Amino acid sequence: MNRPSSLPNDEATERLLDALVYAPLGFALEAKEMLPKLAERGRGQVALTRLAGTVAAQKGQNEALKAFDELRSTIESLLGCGREEQPSGDAAPAANTDTAAVVSEADLPIAGYDELTAAAIIAMLADLSEHELAVVDAYERANRGRSTVLNRIKQRRS
C-alpha cells in the first residue's frame, strides 16, 4: 500500500512537533529577552508615526492659512477695500515707530510694493530677513494697514 503523502511519516511528525511543541517552547524561553526589544521597536514606530502626523497637520494648516489669506485679499480687492481697520492691540507693533515716518516705497525690499496685492506680498515675505520684515511692517502700518499682511509678518516673527 503506497501513501500519497510526499513526506515520509517520520518527517511529517517532526514538522508537526516543531510547529506545535518545540517552536512555542523556544519562544516562551526567549520571550523574556525578546519582549523588551520588540516593545522598544514598537515605541519607535509609534513616535515616528506621531511625528509624521504632526508634520502633515502643520503643513496642512499652513496651506489652509495661505489659501485663506489669498481668498481674503482677493475678496478685498474685488470689493475695493482700500484700507482695512488697524489690527487689534495684540498685533505686533512696528519695530521702530520712527521707522514708519521715514520709510518710503523706495526703501522697501519688495519692488513695486504699492501695486501688489496682499496675496502677492504675503508670498514674498518668506524670503525677507528680520530687518526687512520690520521695514515692510512699518510701511504697511503707516500706509494701507492690511491685516492680512501684518498678521503674516507677525507669524514670521514668532
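Quick check, is Ala57 in contact with a Ser or Thr (Cβ under 8 Å, 6 or more places away or on another chain), at pLDDT 85 or above and either within 30 Å of Ala119 (Cα to Cα) or assigned to a helix (DSSP H, G or I) (or both)? Break it down stepwise before answering.
Values: in contact with a Ser or Thr (Cβ under 8 Å, 6 or more places away or on another chain): no; at pLDDT 85 or above: yes; either within 30 Å of Ala119 (Cα to Cα) or assigned to a helix (DSSP H, G or I) (or both): yes.
Judged against the criteria, Ala57 is not a match.
What are the pairs with Cβ atoms under 6 angstrom where one residue, in the stretch 107-132, is among the β-branched types (Val, Ile, Thr) and the other, located anywhere, is surrounded by 10 or more Cβ atoms within 10 Å (Cβ to Cβ)? Sequence gap at least six, or different chains.
Going by the 6 Å Cβ cut-off, the qualifying pairs are Ile110/Met124; Thr117/Ser73; Thr117/Ser77; Ile121/Val149; Ile122/Asp69; Ile122/Arg152.
Restricting to the stretch 68-98, what's the tally of residues that are part of a helix (DSSP H, G or I), surrounded by 11 or more Cβ atoms within 10 Å (Cβ to Cβ) and at pLDDT 50 or above? Lay out the reasoning, then the answer.
In the first step, residues of the stretch 68-98 are kept if they are part of a helix (DSSP H, G or I); the result is 68-79, 97-98.
From what is left, the residues that are surrounded by 11 or more Cβ atoms within 10 Å (Cβ to Cβ) are 68-74, 76-77, 97.
So of that shortlist, the ones also at pLDDT 50 or above come out as 68-74, 76-77.
Qualifying residue count, the stretch 68-98: 9.
The values are calculated or read from the model by the stated rules, or taken from the named source; none is laboratory data. Here the structure is a predicted model, which means the values were calculated and not measured. Neighbour counts run over all protein chains shown; Cβ positions are idealised from the backbone, glycine included.
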